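To start, the structure itself, in structure tokens.
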Amino acid sequence: MSSVVALGIPTINRADLLHEAMEVYQETWKDRHFFIVDNGNQNIQTNQKKQRVMKMPFNLGVSGSWNLMAKSAFNQGYTHIAILNDDIIFKKEAYKIEDYIDKHPADFYQGLGTWCCFVLPYTTWEKIGGFDEKFIIAYFEDNDYAYRMKLAGLKVHADGWFNPEVYRNSQTIAKDGSLNRQFELNKQRFINKWGGLPTQETYTIPFNGVEGWENM
């Protein structure tokens with residue numbers, strides 16, 4: 001079965017950078033669905049019927065946004081979703097990504113040293129589930145998913161091919177530093193869940209199986 005990839009982008013306060021990127025994506029993704037989760041009630045403009053802007057009444061956070069976009073894509077029958085930050089521009093056409101994936105079978109695809117651009121297959125979503133939405137707003141949700149994939153023995157394909165042509169780091173936080181206020185709480189949740197910081201995990205089941213912790 002050939003891969004078919006949808007596009008997803010979460011955003012909260014950088015519609016200016018997103019619109020710049022969308023000028024590219026309206027050409028490179030014009031034959032695929034394009035899901036935008038707008039957590040900041042921004043005036044995001046689209047001109048193609050396959051582009052769907054989902055305006056949220058509150059900030060879903062990174063995990064919640066990723067989950068909503070993935071569900072939307074998989075419900076439309078896509079085999080994969082490429083999820084991008086709103087402050088980058090990834091210029092490769094959808095069909096080239098699909099061709100790359102078909103030639104390099106894996107359970108997850110990402111650039112080198114960053115999650116600003118990654119591709120999630122439905123098969124991985126089905127096997128280990130979605131992102132942990134108890135990591136509030138942002139940070140450590142990617143580390144959590146990476147460790148869960150490792151525990152499940154899944155193959156992560158990291159390649160500079162997935163690094164964006166235009167890379168601007170953490171422009172959302174640069175505009176509103178308060179969005180980083182849950183960093184320490186998320187860090188502690190990760191330690192509690194996996195027995196150590198990222199790359200120092202000691203547990204093989206969440207919270208070492210202690211009853212009640214999973215709801216925290």
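The values are calculated or read from the model by the stated rules, or taken from the named source; none is laboratory data. The structure presented is a predicted model; accordingly, all values stated were derived computationally and were not measured. Neighbour counts are summed over all protein chains in view; Cβ atoms, including those assigned to glycine, are modelled from backbone coordinates with ideal geometry.
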- For residues in the range 129-145 being of a type in the set (F, W, Y) and within 13 Å of K187 (Cβ to Cβ), which is surrounded by the fewest Cβ atoms within 10 Å (Cβ to Cβ)? Y139
- Note on the structure: With criteria (1) surrounded by fewer than 19 Cβ atoms within 10 Å (Cβ to Cβ); (2) within 29 Å of K150 (Cα to Cα), N41 comes up short on (2)
- Item | Selection within the range 129-157 - within 15 Å of the chain's Cα centre (by Cα) and among the hydrophobic types (A, V, I, L, M, F, W, C) | F131, F135, I136, I137, A138, F140, A146, M149, V156
- Item | All positions within the range 101-114 that are of a type outside the set (G, A, S), over 9 Å from S3 (Cβ atoms) and buried (at least 17 other Cβ atoms within 10 Å of the Cβ) | D107, F108, Y109, Q110, T114
- Query: In this structure, is N13 modelled with pLDDT of 90 or more and crowded, with 17+ Cβ neighbours inside 10 Å?
  - Reply: no
- Looking across the range 91-100 at residues that are surrounded by fewer than 23 Cβ atoms within 10 Å (Cβ to Cβ) and under 18 Å from the mean Cα position of the chain (by Cα), the single one that is farthest from K155 (Cα to Cα) is K91
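For the range 147-172, which positions are among the aliphatic types (A, V, I, L, M) and either part of a loop (DSSP other than H, G, I, E, B) or in contact with a helix residue (DSSP H, G or I) (Cβ under 7 Å, 6 or more places away or on another chain) (or both)?
M149, A152, L154, V156
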- Item | Single residue of K150, K175 found to be at pLDDT 95 or above and either among the basic types (K, R) or within 27 Å of Y25 (Cβ to Cβ) (or both) | K150
- Message: I'd like the full set of residues that are free of Cβ contacts under 8 Å to residues at least 60 places away in the same chain and under 15 Å from A70 (Cα atoms), limited to the range 128-141.
- Response: I128, G129
- Can you find a residue in the range 107-116 that is more than 24 Å from T204 (Cα to Cα), acidic (D, E) and touching a residue at least 12 places away in the same chain (Cβ under 8 Å)? no
- Query: Any idea which residue in the range 194-209 is farthest from the chain's Cα centre (by Cα), counting only those that are surrounded by fewer than 13 Cβ atoms within 10 Å (Cβ to Cβ) and more than 15 Å from F140 (Cα to Cα)?
  - Reply: G209
